[in-house]
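Any read-out appearing in this document is the output of simple, stated calculations on the displayed coordinates, not a laboratory observation. Just so we're clear, the structure is a prediction, and the values are computed from it rather than from any experiment. With ideal geometry, Cβ positions are generated from the backbone for all residues, glycine too; neighbour counts draw on all protein chains shown.
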Amino acid sequence: MSALETIALNDFTRQWRTIAADATHAFTRVGESGWYILGKEVERFESALAASWTFKHAVGCANGLDAIEIGLRAMGLSQGQKVLTTPLSAFATTLAIVRAGGVPVFIDVDPTGSIDLRAAAAVLGSKPEIRFFVPVHLFGHPFDLDQLAELKTRFKLLVLEDCAQSIGATFRGRPAGSVGQCLATSFYPTKNLGCMGDGGALLTNEPTLSSAARTLRDYGQSEKYFHDQLGLNSRLDELQAAILQDALLPRLESWTARRSQIAAKYLAGIKNAQLKLITPIEGATSAWHLFPLLIQGGREAFQKHLRAYGVASAIHYPRLIPNQDALKRVPFEVIGPLTNAERFAASEVSIPIHPFLTDEEVDRVIAACNGWKG
Ligand SMILES: *Cc1c(COP(=O)(O)O)cnc(C)c1O
């Protein structure tokens, strides 16, 4: 086994070999332009991204965390207002809510790991003061957009969909993110559309949200040196935009197709009663950002077993957000037991699903999973 190269969760070396020529060309173009912040490259990428996601506006930001904060502030979230969200996500989802002045309200997830929309309906029915909702399309699996649309209308909600993991995912033909007033996404390198550094974007069809977000990302100025808001410095830079535009976005569709091909192999090939596969719901087409398993028995032993086969793995996420020390200093609420979320935190393991895996490597991951005795 020691001769085997470890199958990594992400393979940036292989990605670079694929994109090098286009990325280098983009780098040269930006260098020659002599313009590095908020110029033609960001504009061009914003248009291409918006069009590919069937939105009217995209606003490039410094990262996904800021895109969520900016989106919530653009929608008018003010200090102390409650925001319904999930306890099982990247910490950034909640951090953005807190930074925007919101008070996170956590409810449980359903058995697929997405926020439980039926529990959400019950909470929203009993707490009319909750007007904001930040659900997450976790693992790249979209949740039920029809149910979200129904909640949004019934409770007159302001919804920001966290699509950091779900670019390219659809539910009954509609893209993830298309129900909320806006969506936020991330170009952190490990994401499905990962750039060569940090980046993110806010997408919306509402011109007022788009222009508010443009102001907020640029020190809150609506015009040079005229500041309407206490904004951020959160701009996507020209270099990242150019690389995204030339080298990454044009390949996203084929990368997503490869991810779903690998997912299909895993779904057909992994047969082990000790491992529960988390699959997308009926009507959903996943972006397969991650391939999550729930492990019966010792999770650490399973990860060690994978390592012996030369397979890397990770946990998404080992500690629920309301249990993070950072939240001890801010107000938040937990409603109901978080039974399903606790189960994920205690037993989830993600196996490699990046688009550069070879068929031989996919087979090795399957063999490793099937060889686990629990
Ligand atoms: C990665 C991620 C974020 C944060 O994005 P950054 O660009 O790293 O700030 C937010 N939400 C989810 C669900 C994520 O996976």
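Of note:
- Computed magnitude of the charge dipole of segment 85-164 (debye, nearest 20; Cβ of K, R +1, Cβ of D, E -1): 340
- Bridging of residue 40 to lysines at a Cα separation below 27 Å is possible for 56, 191, 224, once same-chain residues fewer than 8 apart are set aside.
- Secondary structure note: in the chain, about 65% of the DSSP beta bridges are antiparallel.
- Considering only alpha-carbon pairs that sit under 8 angstrom and 6 or more positions apart, the relative contact order computed for segment 152-279 is 16 percent.
- Segment 324-374 versus segment 205-249: alpha-carbon centroid distance in Å: 33
- Helices in the chain, meaning DSSP H runs of at least 4 residues, each add -39500 (n - 2.57). Divided by all residues, the mean residue ellipticity at 222 nm is -12000 deg cm²/dmol.
- Among 78, 222, 126, residue whose mean-square fluctuation peaks in a GNM of the chain (springs only between Cα atoms under 10 Å): 126
- When you filter the trypsin sites (Lys or Arg not before Pro) in segment 211-301 for DSSP loop state and at most 15 other Cβ atoms inside 10 Å of their Cβ, you are left with 224, 271.
- When only Cα pairs below 8 angstrom with a gap of at least 6 residues are kept, segment 44-115 shows a relative contact order of 28 percent.
- Dipole magnitude of segment 270-374 about its Cα centre (Cβ charges: Lys, Arg +1; Asp, Glu -1), debye to nearest 20: 380
- Formal net charge of residues neighbouring residue 228 (Cβ-Cβ distance under 15 Å; K, R +1; D, E -1): +2
- Pairwise Cα inverse-distance average, inverted: Kirkwood Rh of segment 16-153 (Å): 17.5
- Kirkwood Rh, angstrom, segment 186-226 [1 / mean 1/r, Cα pairs]: 11.7
- Tensor-based shape of segment 143-280 (alpha-carbon gyration tensor, a/c under 1.5 rounded, otherwise prolate or oblate): oblate
- Long-range amide H partners of residue 350 with built H, under 5 Å: 293, 314, 315, 316
- Once exposed loop GluC sites (Glu not before Pro) are cut out (DSSP; at most 14 other Cβ, 10 Å), longest piece of the chain: 130-281
- Along segment 332-340 the Karplus relation, 6.51 cos²θ - 1.76 cosθ + 1.60 evaluated at θ = phi - 60°, assigns HN-Hα couplings of 7, 10, 10, 10, x, x, 9, 4, 5 Hz to successive residues, with x for each Gly and Pro.
- Spread over its residues, the convex hull of the C-alpha atoms of the chain is 135 Å³ per residue.
- Vicinal HN-Hα couplings computed from phi for segment 203-220 (Karplus, 6.51 cos²θ - 1.76 cosθ + 1.60; Hz; Gly/Pro x): 10, 7, 9, 9, x, 5, 5, 4, 6, 4, 5, 4, 5, 5, 6, 10, 6, x
- Loop-located trypsin sites (Lys or Arg not before Pro) in segment 135-186 whose Cβ has at most 11 other Cβ within 10 Å (DSSP): 156
- Residue order for 335, 295, fewest other beta carbons within 10 angstrom first, comes to 335, 295.
- With contacts taken as Cα pairs under 8 Å at a separation of at least 6 residues, the chain carries a relative contact order of 24 percent.
- Between segment 63-106 and segment 253-283, the alpha-carbon center distance in angstrom: 31
- Taken about its Cα centre, the chain carries a charge dipole of about 560 debye when Lys and Arg each add +1 at the Cβ and Asp and Glu each add -1 at the Cβ.
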